[in-house]
Amino acid sequence: MKSDEIILETSAKLDIASVLEEIAGEVAPLVGQGEVASYIPRLARVPANRFGMAVATLDGRLFSVGDAEERFSIQSISKAFSLTLALEALGGELWKRVGREPSGNAFNSLVQLERENGIPRNPFINAGAHVIADVILSQTPKPLETLLEFVRDRSGNAEVCIDEEVASSEREAGFRNAALANFIRSFGNLDNPVEDVLDFYFHQCALQMSCTDLARAFLYLANEGRCQRSGESVINPERAKRINALMLTCGTYDAAGEFAFRVGLPAKSGVGGGIIAVVPKVLTVAVWSPGLDEKGNSLAGATALDLFTTLTGLSVF
Ligand code: GLN
């Protein structure tokens with residue numbers, strides 16, 4: 001039996017529903033703790049006392065607990081979708097414009113850009129996501145429609161949409177993102193007008209999805225780049241591998257080392273309180289709880305994922 005088959009067989013024997021119930025019970029005291037992101041005014045209104053978790057497996061099962069069907073603002077989780085589109089469009093050329101190293105700085109920090117000549121450290125910090133947005137704008141006549149169609153296809157939910165109120169709330173408060181994008185443009189690493197790049201970026205961050213939507217949508221990263229339902233290629237296996245690697249090393253910002261230590265999975269978080277994690281060749285797990293730790297990752301969500309890999313033994317290590 002191949003090692004992939006052994007992993008799949010092991011996961012098939014796991015009682016994932018009971019694992020999720022146990023996790024929900026254990027993290028209950030943490031739910032509501034931490035700070036809801038308030039620098040985007042519209043997000044400050046989201047109640048903190050929410051917790052949802054969903055698991056989608058490559059053999060087509062779905063498990064969930066708590067508020068797993070409630071839609072929330074996926075924020076930076078969207079950066080994994082946009083990286084997929086940009087990498088498909090540009091291939092290896094993309095790495096001339098954005099790096100692949102953890103930044104060790106906050107996701108919205110300006111400090112490295114000057115020293116590193118406007119080449120953002122990685123595609124998951126805000127500066128990197130602006131460059132990715134610029135690539136998509138240059139490659140696609142209708143960039144937002146393309147992104148939305150991609151996310152709807154991946155999640156199998158045609159109702160996934162963008163919350164215009166969140167997008168405009170972020171635009172109104174987006175001084176730091178505007179500074180970053182202008183700075184990158186000054187180094188010649190944006191081809192499109194800063195306004196257009198920011199508009200796309202704020203809209204991608206304002207995608208509204210639930211844990212079950214996210215768990216389904218990211219199955220292609222667990223499935224070597226193929227759609228779980230049809231088996232069709234979404235992105236080639238080598239690129240899927242690289243996106244997972246970047247999620248492991250950079251997906252939770254300057255907490256990526258601690259996150260790898262605790263959870264041991266490729267993951268991408270957002271300040272809306274969502275985190276998506278990938279167990280390659282087995283499943284995806286999405287979690288949402290809006291209270292954030294000081295690095296901007298969901299407090300209860302990170303603990304829930306720590307418990308998930310500990311209880312199931314499913315991690316990349
Ligand atoms: N839209 C947010 C911002 O640019 C995304 C940040 C995040 O989720 N970490 O600040």
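The values are calculated or read from the model by the stated rules, or taken from the named source; none is laboratory data. In this text, all values refer to a predicted model and were calculated from it rather than measured experimentally. All Cβ positions, glycine included, derive from the backbone under ideal geometry; neighbour counts span all protein chains shown. Note: areas computed on protein heavy atoms with side chains; ligands, DNA, RNA excluded. Shrake-Rupley method; radii C 1.70, N 1.55, O 1.52, S 1.80 Å.
When restricted to residues that are charged (D, E, K, R) and open to solvent by less than 20 Å² (accessible area, probe 1.4 Å), region 42-87 contains 1. His203 falls short on exactly one of the conditions (1) within 16 Å of the chain's Cα centre (by Cα); (2) in contact (Cβ under 8 Å) with a residue 60 or more places away in the chain, and that condition is (2). Restricting the search to region 201-224, which residues are in contact with a Gly (Cβ under 9 Å, 6 or more places away or on another chain), open to solvent by 10 Å² or more (accessible area, probe 1.4 Å) and in a loop (DSSP other than H, G, I, E, B)? Asn223 - this is the single residue of region 201-224 that is in contact with a Gly (Cβ under 9 Å, 6 or more places away or on another chain), open to solvent by 10 Å² or more (accessible area, probe 1.4 Å) and in a loop (DSSP other than H, G, I, E, B). Considering region 175-197 alone, what residues qualify as being surrounded by 21 or more Cβ atoms within 10 Å (Cβ to Cβ) and either near the ligand (Cβ under 10 Å from one of its atoms) or within 20 Å of Gly270 (Cα to Cα) (or both)? Listed by number, the residues that qualify are Asn177, Leu180, Ala181, Val197. Could you go through region 260-272 and let me know if any residue there is polar (S, T, N, Q), in a helix (DSSP H, G or I) and either open to solvent by 10 Å² or more (accessible area, probe 1.4 Å) or farther than 17 Å from Leu62 by Cα (or both). Within region 260-272 (the criterion being polar (S, T, N, Q), in a helix (DSSP H, G or I) and either open to solvent by 10 Å² or more (accessible area, probe 1.4 Å) or farther than 17 Å from Leu62 by Cα (or both)), the answer is no, since none of the residues qualifies. Looking across region 129-162, the residues that are buried (at least 20 other Cβ atoms within 10 Å of the Cβ) and in contact with a Ser or Thr (Cβ under 7 Å, 6 or more places away or on another chain) come down to Ala129, Ile132, Ala133, Ile136, Leu147.
So for region 229-239 (the condition being open to solvent by less than 10 Å² (accessible area, probe 1.4 Å), at pLDDT 95 or above, within 16 Å of the ligand (Cβ to nearest atom) and in contact with a helix residue (DSSP H, G or I) (Cβ under 8 Å, 6 or more places away or on another chain)), does at least one residue qualify? No, there is no match, as no residue in region 229-239 is open to solvent by less than 10 Å² (accessible area, probe 1.4 Å), at pLDDT 95 or above, within 16 Å of the ligand (Cβ to nearest atom) and in contact with a helix residue (DSSP H, G or I) (Cβ under 8 Å, 6 or more places away or on another chain).
Contact map, region 149-172: first residue over 14 Å from Gln75 (Cβ atoms) and of a type in the set (Phe, Trp, Tyr), second residue part of a strand (DSSP E or B) and open to solvent by 40 Å² or more (accessible area, probe 1.4 Å), Cβ cut-off under 8 Å, separation 6 or more or different chains; the map is empty. Within region 225-259, the set of residues being of a type in the set (Val, Ile, Thr), farther than 18 Å from Val282 by Cα and in a helix (DSSP H, G or I) comprises just one member, Thr249. Contact map, region 77-104: residues that are closer than 15 Å to Pro120 by Cα and within 14 Å of the ligand (Cβ to nearest atom) paired with residues that are of a type outside the set (A, V, I, L, M) and open to solvent by 40 Å² or more (accessible area, probe 1.4 Å), Cβ distance under 9 Å, separation 6+ or inter-chain. Pairs shown: Ser103/Arg121; Ser103/Asp254.
In the set (1) modelled with pLDDT under 95; (2) touching a strand residue (DSSP E or B) at 6+ places or on another chain (Cβ under 9 Å); (3) basic (Lys, Arg), the condition left unmet by Arg115 is number (2). The set of residues in region 22-33 that are outside any helix (DSSP H, G or I) and either open to solvent by 40 Å² or more (accessible area, probe 1.4 Å) or of a type in the set (A, V, I, L, M, F, W, C) (or both) comprises Val31, Gln33. Of the residues Asn126, Asn108, Asn117, which is surrounded by fewer than 19 Cβ atoms within 10 Å (Cβ to Cβ), under 16 Å from the mean Cα position of the chain (by Cα) and in contact (Cβ under 8 Å) with a residue 24 or more places away in the chain? On inspection, the qualifying residue turns out to be Asn108.
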